[in-house]
Amino acid sequence: MLFTFLISSERSGSNLLTRLVEGHSRIAGPSPTHLFRRLIAHYPRYGPLHHQEHWDALVSDAVALFETRLGHWNITLRAEAVSRDVEPRSLHALLRHIYEKEARASGKEQVFVKENHIYHYFPFLEAFFDRPKAVYLVRDPRDMALSWKKSSGKRGCVIRAAETWKQDQAASLSLYRMLQPAGRSLCIRYEDLLRDPAATLRALCAFLGVSFEETMLALDDAHRTRHHAFDIAEWANVHKPVMPENYNKYKSELSAPEIRFVEALCTDEMRAFGYEPEYERTESIDELRQQILPLELYDKPDYKNVDEAIRKRLAERLAVLNRMKQRPVQPVSAYTG
């Protein structure tokens, strides 16, 4: 089964694009689980998987992490069944099993995976997912920073958002350019997706080797849009028709010092995507950072208004991640001796 991975910073429209792709009759775009990122990061803690205890530990953590997702999937997982059914005993086979099972349950034959920080572990994907393709979605960092600032669940505000955007683009651009000569990467600007979703999706479908389907645009059709397990305010727009003017909001909702900081920090990468700064730079990045530092909230006041069920699910995820981190890293000799 063909896999395509989405390269994107958080708060850059990745949920919207995934939902649009999910509307295709041949492509499954399940809601994010972050299984790839988390399990690959902690893979050295599980030891040789031909030993039953190591394999059971990996499967148990994968299923527990899967159960803490916020989005709806069609399938359910039982650790005993997964442990028995996955062959060979490997991390890539485990991940394939989960995503392919979901795709088959939806009657689909391709998988579109939304994950964060793919550039960190693309060598793993390259080795085990048959030269996968990558779709690179980028958003104006000023609007991305505004979205981050307004997100009740995100730590920090404009400073943290801009620093994350710059770091992500520096690494993602390199990955995009490495894959581009082989025809394995496609860049999409969020603003272009909003302005002309049909043209953007036609280009995406051609890249994925499928025909464009009008159903991809039917986000208001309940039968075409995967519902979420929780009613999350930040995902509300995912179920609405594409809003062509839903960008450049930073101009009225960010202060001039905030905009100037983002532009100063991200100038080179912004211009690579055609995002032009509005302000001439007259101060250092550190001077601009100090001007907006008092606005950089670590905990957002609105977090207390987040639904209790969501906060409980997030706490469950944190508990699983803490359990994974407490597993000792296995000695190299365990694999080679």
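The values are calculated or read from the model by the stated rules, or taken from the named source; none is laboratory data. Fair warning: this is a prediction, and the values are worked out from it, not measured in the lab. All Cβ positions, even for glycine, are placed from backbone atoms using ideal geometry, and neighbour counts span all protein chains on display.
Numbers below:
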| quantity | calculated |
| --- | --- |
| Qualifying residues in region 178-189 (those that are over 27 Å from Asn248 (Cα atoms) and of a type outside the set (A, V, I, L, M)) - the one surrounded by the most Cβ atoms within 10 Å (Cβ to Cβ) | Arg184 |
| Answer residue from region 103-140, given it is of a type in the set (Asp, Glu) and assigned to a loop (DSSP other than H, G, I, E, B) and is farthest from Asn15 (Cα to Cα) among those | Asp130 |
| Selection count where residues are under 17 Å from Arg104 (Cβ atoms) and among the polar types (S, T, N, Q), scope region 10-30 | 1 |
| Scan of region 103-116 for residues that are surrounded by 20 or more Cβ atoms within 10 Å (Cβ to Cβ) and in contact with a helix residue (DSSP H, G or I) (Cβ under 8 Å, 6 or more places away or on another chain), ordered by number | Val111, Phe112, Val113, Lys114, Glu115 |
| Count of region 190-199 residues which are surrounded by fewer than 18 Cβ atoms within 10 Å (Cβ to Cβ) and either of a type in the set (D, E, K, R) or within 10 Å of His24 (Cβ to Cβ) (or both) | 3 |
| Those residues of region 298-337 which are in a loop (DSSP other than H, G, I, E, B), aliphatic (A, V, I, L, M) and surrounded by 14 or more Cβ atoms within 10 Å (Cβ to Cβ), in sequence order | Val306 |
| Sole exception among (1) at pLDDT below 95; (2) surrounded by 14 or more Cβ atoms within 10 Å (Cβ to Cβ) for Arg202, by number | (1) |
| All positions within region 40-75 that are assigned to a loop (DSSP other than H, G, I, E, B), closer than 14 Å to Ile98 by Cα and among the hydrophobic types (A, V, I, L, M, F, W, C) | Trp73, Ile75 |
| Condition met for Glu280 (of a type in the set (Asp, Glu) and either without any contact (Cβ under 8 Å) to a residue 24 or more places away in the chain or in contact with a helix residue (DSSP H, G or I) (Cβ under 6 Å, 6 or more places away or on another chain) (or both)) | yes |
| Selection within region 3-33 - in a strand (DSSP E or B), over 23 Å from Cys266 (Cα atoms) and under 14 Å from the mean Cα position of the chain (by Cα) | Thr4, Phe5 |
| Selection count where residues are surrounded by 17 or more Cβ atoms within 10 Å (Cβ to Cβ) and out of contact with any Phe, Trp or Tyr (no Cβ under 7 Å at 6 or more places or on another chain), scope region 61-78 | 10 |
| Boolean, Glu100 is in a helix (DSSP H, G or I), surrounded by fewer than 23 Cβ atoms within 10 Å (Cβ to Cβ) and touching a residue at least 60 places away in the same chain (Cβ under 8 Å) | yes |
